[in-house]
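These notes are about the structure you will find just below.
Where a number appears in this text, it was derived from the coordinates with a stated rule and is not lab data. Keep in mind it's a predicted model, so treat the numbers as computed, not measured. Don't worry about glycine lacking a Cβ; one is built from the backbone with ideal geometry, like all the others, and counts go over all protein chains shown.
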Amino acid sequence: MTDERASVYRLHDAKGALLYVGYSVSPKERVRFHRYSQTWGHEVDKDGTTVQWFPTMAAAADAEVDAIRSEFPKFNKRVQRAPAATPERRRRQILRSRGYPYCTETGCKEVTLRDERRCPEHVETTKAAPPREG
Ligand SMILES: [Zn+2]
């Protein structure tokens with residue numbers, strides 16, 4: 001399932017306003033769910049849905065978060081609005097979308113290179129730490 005292709009879909013109302021952005025491996029089913037199960041489902045223009053495909057779930061999930069943060073769909077609530085993307089944040093998004101892992105240090109959100117377990121900062125602090133046993 002990790003390498004399954006996935007989509008980002010956008011639901012619009014009859015006037016073209018963006019109502020909701022989501023990601024799914026089966027967007028038709030998700031769109032149907034939103035139209036019939038959400039309180040705002042009647043606002044969805046059934047011909048106004050767009051679907052954009054990505055090679056992996058992770059890439060689609062990243063694109064969904066970016067879309068929610070930058071396009072302000074009316075009914076998405078899950079993602080906090082973030083400050084504008086910095087070059088550094090953009091670099092991490094690209095690395096994440098290519099499947100690079102995170103630093104294993106607790107709480108660290110840095111993306112590492114494929115064969116590394118810690119980001120450059122935590123490699124340094126780990127080396128500098130005094131020995132614990134003794
Ligand atoms: Zn780190």
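A few comments on the model shown:
- For the chain, modelled as a GNM whose springs connect Cα atoms under 10 angstrom apart, the maximal fluctuation among Asp13, Asp66, Asp115 occurs at Asp115.
- Radius of gyration and maximum dimension Dmax of the chain, Cα, Å: 19.2, 71
- Degrees between helix 27-37 axis and first principal axis of the chain (Cα, 0 to 90, nearest 10): 60
- Relative contact order for the stretch 6-71, counting Cα pairs under 8 Å that sit 6 or more residues apart, in percent: 44
- Choice from Pro87, Pro55, Pro73 with maximal GNM fluctuation in the chain (Cα, 10 Å cutoff): Pro87
- Backbone phi angles across the stretch 95-101, fed through the Karplus curve with coefficients 6.51, -1.76 and 1.60 (θ = phi - 60°), yield HN-Hα couplings of 4, 4, 5, 8, x, 6, x Hz in residue order; Gly and Pro are listed as x.
- For Glu121, net neighbour charge (Lys/Arg +1, Asp/Glu -1) across residues whose Cβ lies under 10 Å away: -2
- When the chain is treated as a Gaussian network with alpha carbon springs shorter than 10 Å, the biggest mean-square fluctuation among Thr56, Thr104, Thr86 belongs to Thr86.
- Cα centroid separation, the stretch 89-107 to the stretch 1-77: 24 Å.
- Dividing the mean sequence gap of close Cα pairs (under 8 Å, 6+ apart) by how many residues the chain holds gives a relative contact order of 21 percent.
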